[in-house]
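*Asks:* My questions will all concern the structure given below.
Bear in mind these aren't lab numbers, they're just calculated from the coordinates by the rules spelled out. Predicted model, so just to flag it, every value in this text is computed and none were measured. Heads up, the Cβs are rebuilt from the backbone with ideal geometry, glycines too, and the neighbour counts pull from every protein chain shown.
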Amino acid sequence: MIEALELNNRMKLLEVGTGSGYHAAILAQLCRRVYTIERHRPLLAEAERRFTELGLHNITTRAGDGMLGWSEQAPFDRISVTAAANEPPAALLEQLAVGGIMVMPVGGRDRTQVLQQFRRTEEGYEARDLMEVRFVPLLPGLVANDGA
């Protein structure tokens, strides 16, 4: 996924699905700025602690619905989505800069998922299939507490 983003150290990137923070930590070494969204508050809190411990100061976090993106910080040079959707969310495509790249798995639970690279052009978007993959589903909304 990271290779398909075609990164350089001048880019501003949106990551959808912070999870443990591992992916964002790697991206932070390759980009100027990483904005990362997680819908599970407890997961985000753990990732934030890791970022602090690692001294990663170019990562900004938000608890929220990743399908909506982060419009206040758009446009993004790159967007990395770490969960699968049946189609790329329109809000994310709209927040991608012209010339920008979004990489995400596309497909549902009941069918094959394909990692796709979307490149925004002046006229629209170009999509390219990269490989078959298996990711958790991209879900809307915010989960306030995961505890039982």
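*Asks:* Using the crude model of +1 on Lys and Arg Cβ and -1 on Asp and Glu Cβ, and no other charge, please compute the dipole size for the chain relative to its Cα centre, in debye to 20.
*Replies:* Charge dipole of the chain: 280 debye, to the nearest 20.
*Asks:* Out of residues 5 or more away from Q113 or on other chains, whose amide H comes under 5 Å of its own, with H placed 1.01 Å from N in the peptide plane?
*Replies:* Sorted by chain and number, the residues that satisfy this are V133.
*Asks:* Out of all DSSP beta bridges with both ends in segment 3-133, state the antiparallel percent to the nearest 5.
*Replies:* 40
*Asks:* So what's the chain giving for Rg/Rh, alpha carbon basis, Kirkwood Rh from the mean inverse pair distance?
*Replies:* On the Cα set of the chain, Rg over Rh gives 0.95.
*Asks:* Still on this structure: So what are the ³J(HN,Hα) numbers for segment 89-100, from phi and the Karplus equation (6.51, -1.76, 1.60; θ = phi - 60°), rounded to whole Hz, Gly and Pro as x?
*Replies:* My calculation for segment 89-100 gives x, 4, 4, 5, 4, 5, 8, 8, 5, 4, x, x Hz in order.
*Asks:* Of the candidates L13, L43, L96, which one comes out as most mobile in a Gaussian network treatment of the chain with C-alpha springs shorter than 10 Å?
*Replies:* Checking each option, the largest mean-square fluctuation is seen for L43.
*Asks:* Further question: Please report the spacing between the Cα centers of segment 26-62 and segment 86-148 in Å, no decimals.
*Replies:* For segment 26-62 versus segment 86-148, the Cα centre distance is 20 Å.
*Asks:* On to the next question. Mind telling me which of I37, I26, I101 comes out most flexible in a GNM of the chain, alpha-carbon contacts under 10 Å?
*Replies:* I26
*Asks:* Test of understanding: in a Gaussian network model of the chain with alpha carbons linked when under 10 Å, which of T18, T82, T112 would top the mean-square fluctuation ranking?
*Replies:* In the Gaussian network model the winner is T112.
*Asks:* Skipping prolines and chain starts, which residues have an amide H placed within reach, meaning under 5 Å, of the one on Y125, given they are 5 or more residues away or on another chain?
*Replies:* none
*Asks:* Along the charge dipole of segment 41-121, Cβ charges K/R +1 and D/E -1, which of T61, L44, G108 sits furthest on the positive end?
*Replies:* G108
*Asks:* Would you order S80, S71 from fewest to most other beta-carbon atoms within 10 Å of each residue's own beta-carbon?
*Replies:* Fewest to most other Cβ atoms nearby, the residues stand as S71, S80.
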